[in-house]
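Accompanying notes for the structure given below.
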Amino acid sequence: MDKAGFPWFRDPNAPNFQAASKATVRVHGVEPCLTREGGSIPITQVFEEVCDATCVLLPIGASDDGAHSQNEKIDRVNLINGIKTLACYIHELSMLPTEQNAQQKAAAAAAAASRQASNKWRRRCTVDQEMFGCDCLECQ
């Protein structure tokens, strides 16, 4: 295989997702449907690794936008609501409690461990460049 993306999944009860849900309700007036899609965005996991943070994907487009097609589009209303959603998300993040309780600390530690475990499979073997995530002495 020449190119591939790794699956990405995070706990929807994490603080980022709670803030995103509240922002979606504020702008769109409905609870978000967590659909587990966005498979064409493999950069999400790279952002998490580089920033050492949990990412969340916010709703902006519509189902008829034709993502990645020749006639890809975004409606002006969706663009404006996407900007509003991002602003509300940032506001909701600022409203999160600054001191984490034990459960949130455990969830954050589990998320960090999950990211660390998934990073191993992204690394190429230093000996065999076609192999990922090996345990040879050179790669440890």
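The values are calculated or read from the model by the stated rules, or taken from the named source; none is laboratory data. Everything numeric here is computed off the predicted structure, so don't read it as measured data. Don't worry about glycine lacking a Cβ; one is built from the backbone with ideal geometry, like all the others, and counts go over all protein chains shown.
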Inset, instruction - Determine if segment 15-31 includes at least one residue that is closer than 21 Å to residue 109 by Cα and in a loop (DSSP other than H, G, I, E, B). - result: no
Inset, instruction - Go through (1) under 30 Å from residue 113 (Cβ atoms); (2) touching a helix residue (DSSP H, G or I) at 6+ places or on another chain (Cβ under 6 Å); (3) in contact (Cβ under 8 Å) with a residue 60 or more places away in the chain; (4) not aliphatic (A, V, I, L, M) and name the single condition residue 45 misses. - result: (2)
Inset, instruction - Enumerate the pairs (first residue in segment 95-108 and within 15 Å of residue 12 (Cα to Cα); second residue anywhere and modelled with pLDDT of 70 or more and surrounded by 10 or more Cβ atoms within 10 Å (Cβ to Cβ)) with beta-carbon separation below 7 Å, excluding pairs fewer than 6 apart on the same chain, so at least 6 apart or on different chains. - result: 104/15; 107/11; 107/14
Legend entry - Selection status of residue 82, over 23 Å from residue 10 (Cβ atoms) and among the small types (Gly, Ala, Ser): no
Legend entry - Selected residue (only one of 7, 59 is in a loop (DSSP other than H, G, I, E, B) and surrounded by 15 or more Cβ atoms within 10 Å (Cβ to Cβ)): 59
Legend entry - Filtered residues of segment 63-102 (kept if in a helix (DSSP H, G or I) and within 15 Å of residue 16 (Cβ to Cβ)): 85, 86, 88, 89, 90, 91, 92, 93, 94, 95
